[in-house]
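The values are calculated or read from the model by the stated rules, or taken from the named source; none is laboratory data. Being a predicted model, the structure only gives us computed values, none of them experimental. Reconstructed Cβ throughout: ideal geometry from the backbone, glycine too, with neighbour counts over all protein chains shown.
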Amino acid sequence: MKSPFKLLLKPLVIVGLGVLALFVAGIFSVPPAAKSAIERGSAFAFGVPATLGSINASPGLSTTTLGFSDYEVQSPEGFEAPLLTFGRFEVGVGTRSLVGPVKDLGVLEIQDVELTILQDGLRSNLAPVIEQIRSLAARSGQTGSDEQASEPGSSESAGGPGPRIRVGRVNISGIRARLKVDGIPGVKPVDETVELPALQRDWTDASGEDGFTVADLGARLLEDLEISALDGLRGQVPDEVIDLVEKGLQGGMDQILDQATEALQGELGEQAGELLDLGKGLLGGR
């Protein structure tokens with residue numbers, strides 16, 4: 001009969017080796033895998049390139065903490081500045097979920113955030129990204145879209161939607177928003193940056209058991225930041241400019257042009273009337 005010590009030693013060795021393997025996997029495999037998943041999923045979600053700077057992992061038995069620095073979502077081609085940047089964000093991922101199809105996130109901490117909204121005439125750096133996100137949301141609501149997305153060779157799998165993510169609380173601090181508007185007839189150019197209050201959200205129920213895709217999570221973050229940014233810019237930027245930008249982001253670019261043209265025509269009409277009155281005066285009222 002084997003001694004109790006030997007009977008106990010074998011499972012302890014197995015557990016020890018498992019912890020060591022998990023630690024090594026966390027150090028060498030988690031950062032590049034997470035970096036690739038986030039960059040690929042972000043590009044798929046937003047339709048523009050996204051990059052991560054540095055990344056580190058602190059593995060644990062129940063939670064592996066991942067820290068990311070210098071996350072950047074580019075604007076569409078032709079714009080001067082990135083659309084969205086995070087100086088740092090940190091998540092605690094359930095260690096067991098790292099190898100599963102759905103990753104468990106506890107609290108997502110995001111710091112030093114900048115959203116840049118550029119409106120150059122009828123071109124917007126944000127509108128096509130929102131359109132991309134809405135397109136993904138519409139497709140995900142169709143019957144069978146999840147099965148199609150998982151099929152090898154499908155556009156979704158090729159583009160890389162990334163893993164599904166169960167999200168708990170989200171805390172965003174150090175938020176800045178910049179709005180630059182130029183090239184719209186009848187609208188005075190503006191270039192304003194404001195500091196915004198911190199945002200706290202709890203998406204536990206919204207993400208549910210199946211979790212968000214990276215596209216879902218990106219859409220929620222961008223929507224909340226956009227709303228907060230435009231609200232914060234009111235008072236610093238004329239309301240009519242904010243209204244025009246909002247209409248454009250809702251797909252109303254033609255409304256922007258029509259409203260701007262009407263405003264310009266009205267201004268020109270007033271100036272023409274003043275010139276006619278002046279001419280009448282010079283001609284003795286005839």
Residues satisfying the stated conditions in region 60-75, i.e. closer than 17 Å to E39 by Cβ, crowded, with 16+ Cβ neighbours inside 10 Å and over 14 Å from the mean Cα position of the chain (by Cα):
L66, F68, S69
For region 91-111, the count of residues that are closer than 25 Å to E226 by Cβ and buried (at least 17 other Cβ atoms within 10 Å of the Cβ) equals 4
Between residues in region 24-49 that are buried (at least 18 other Cβ atoms within 10 Å of the Cβ) and part of a helix (DSSP H, G or I) and residues that are at pLDDT 85 or above and of a type in the set (G, A, S), which pairs lie under 6 Å by C-beta distance while being six or more apart or on different chains?
E39/A50; S42/A50; A43/A50
In region 50-59, anything under 19 Å from V113 (Cα atoms), more than 15 Å from the chain's Cα centre (by Cα) and outside any strand (DSSP E or B) is listed as G53, S54
D205 being within 30 Å of P101 (Cβ to Cβ), at pLDDT below 85, out of contact with any helix residue (DSSP H, G or I) (no Cβ under 7 Å at 6 or more places or on another chain) and in the same structural domain as G100 (by TED's automatic domain parsing)
no
Determine whether V187 is assigned to a helix (DSSP H, G or I), in contact with a helix residue (DSSP H, G or I) (Cβ under 9 Å, 6 or more places away or on another chain) and β-branched (V, I, T).
no
Has region 216-227 got any residue that is assigned to a strand (DSSP E or B), of a type outside the set (S, T, Y) and in contact (Cβ under 8 Å) with a residue 24 or more places away in the chain?
no
Kindly evaluate K180 against the criterion of being at pLDDT 85 or above, in a strand (DSSP E or B) and more than 18 Å from the chain's Cα centre (by Cα).
yes
Residues located in region 76-90, provided they are in a strand (DSSP E or B) and buried (at least 20 other Cβ atoms within 10 Å of the Cβ):
L84, F86, F89
